[in-house]
1. With the structure loaded, tell me whether SER182 is closer than 15 Å to LEU100 by Cβ and crowded, with 18+ Cβ neighbours inside 10 Å or whether it fails that test.
2. Just need a number here: residues in segment 49-60 that are in a helix (DSSP H, G or I) and either open to solvent by 50 Å² or more (accessible area, probe 1.4 Å) or out of contact with any Lys or Arg (no Cβ under 8 Å at 6 or more places or on another chain) (or both).
3. Quick check: anything in segment 61-68 modelled with pLDDT of 95 or more, part of a strand (DSSP E or B) and surrounded by 21 or more Cβ atoms within 10 Å (Cβ to Cβ)?
4. Return yes when VAL252 is β-branched (Val, Ile, Thr) and under 28 Å from ALA78 (Cβ atoms) and no when it is not.
5. Cβ-Cβ below 6 Å, separation at least six or inter-chain, first residue in segment 119-133 and within 23 Å of LYS17 (Cβ to Cβ), second assigned to a strand (DSSP E or B) and open to solvent by 10 Å² or more (accessible area, probe 1.4 Å): which pairs?
6. Looking at (1) within 18 Å of the chain's Cα centre (by Cα); (2) under 20 Å from THR127 (Cα atoms), which one does ARG28 not meet, given that it meets all the others?
7. Could you look through segment 35-48, keep only residues that are part of a helix (DSSP H, G or I) and touching a strand residue (DSSP E or B) at 6+ places or on another chain (Cβ under 9 Å), and pick out the one that is most open to solvent (accessible area, probe 1.4 Å)?
8. Inspect all residues belonging to segment 81-103 and state whether any of them is touching a Lys or Arg at 6+ places or on another chain (Cβ under 7 Å), closer than 21 Å to LEU22 by Cβ and either of a type in the set (Ser, Thr, Tyr) or part of a helix (DSSP H, G or I) (or both).
Amino acid sequence: MTSLSPDTRLLLVGAGKMGAALLKGWLRTGVVQDRQVGIAEPAPSDELKQIIADYRQLTWAENASDLLSASPDIVVLAVKPQVMADTVADLSVLARGNALFLSIAAGLSVARLRRMLDAPAASVIRTMPNTPATIGSGITAFFSPPEVHEAHIGIAETLLNAVGQSVRLDKEEHMDAVTALSGSGPAYVFLFIEALVEAGRTLGLPDEIATKLAIHTLVGASQLAEQSELSPSDLREQVTSPHGTTAAALDVLMGKNQFKALVGSAVDAAHRRSIELNQG
């Protein structure tokens, strides 16, 4: 895997669940060394404290302003959209230089981030990872404005691919759809697993067995969908024998298109909320 230049300095602003997941991925894969990384996090979790203990050359401070003397080349913004303006107030000097800003904040456009940074020409790439990045199985979509240098785009891809896969978007407006689909998507999958486990429990299965069956059914089906040349619809039809057990279940889920309509409504609600976050 490609690594960042050993002279590159990275500043991670915010190290909650997603920020910590990214940090662990970078360090685990060796794309960046601990001595190259500064972390700004006012309330470090036990997980972050353990990472800092394991990688002793990491630099940690409560505020990003305390880490500016290291002249970071890359700033990863991993804080909630609601606190972004206050968080980046001290980073304008970097934004007016040649630093790359990588944002994972849902709903915040490149233009709005540049206004917060008070730097109209700042090199900003907007991204949306998801929580499977914690185990190196994330999927991240990113948007880069045309004026961002290819070298910076390459750096972004190196960092994002360290925790899974990445896809590049041509249109920034698609980021809200990505947020609703894959950014929030793991929660939908976890809810479906919960529902399967509860159904199995109702039918008399022990919790442990129902949980294992549900999880591995989704894992196996997802891997099959990824590796197969067939579409998900074709794969579904392959499993469904006429008048069989699967057909009986799908008659309930697909009757009046209710399952797809429900999922569509849920994703649409997340999409609208993502748009609202950019409006402040």
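1. Details: closer than 15 Å to LEU100 by Cβ: no; crowded, with 18+ Cβ neighbours inside 10 Å: yes.
The answer is no for SER182.
2. Adding up the residues that qualify gives 5.
3. no
4. Working: β-branched (Val, Ile, Thr): yes; under 28 Å from ALA78 (Cβ atoms): no.
Here the answer is no, as VAL252 does not meet what is asked.
5. Hits for this filter: ARG126/PHE143; ALA133/GLY164.
6. (2)
7. In this case the residue turns out to be ARG35.
8. Step one: filter segment 81-103 for residues touching a Lys or Arg at 6+ places or on another chain (Cβ under 7 Å), giving 103.
Next, only the ones that are closer than 21 Å to LEU22 by Cβ stay: 103.
From the residues that got through so far, the ones that are either of a type in the set (Ser, Thr, Tyr) or part of a helix (DSSP H, G or I) (or both) too are 103.
Yes, there is a match, as at least one residue in segment 81-103 is touching a Lys or Arg at 6+ places or on another chain (Cβ under 7 Å), closer than 21 Å to LEU22 by Cβ and either of a type in the set (Ser, Thr, Tyr) or part of a helix (DSSP H, G or I) (or both).
The values are calculated or read from the model by the stated rules, or taken from the named source; none is laboratory data. Fair warning: this is a prediction, and the values are worked out from it, not measured in the lab. In this analysis, Cβ positions are derived from the backbone assuming ideal geometry, glycine residues included, and neighbour counts consider all displayed protein chains. Side chains included, ligands, DNA and RNA excluded: accessible areas come from the protein's heavy atoms. Shrake-Rupley method; radii C 1.70, N 1.55, O 1.52, S 1.80 Å.
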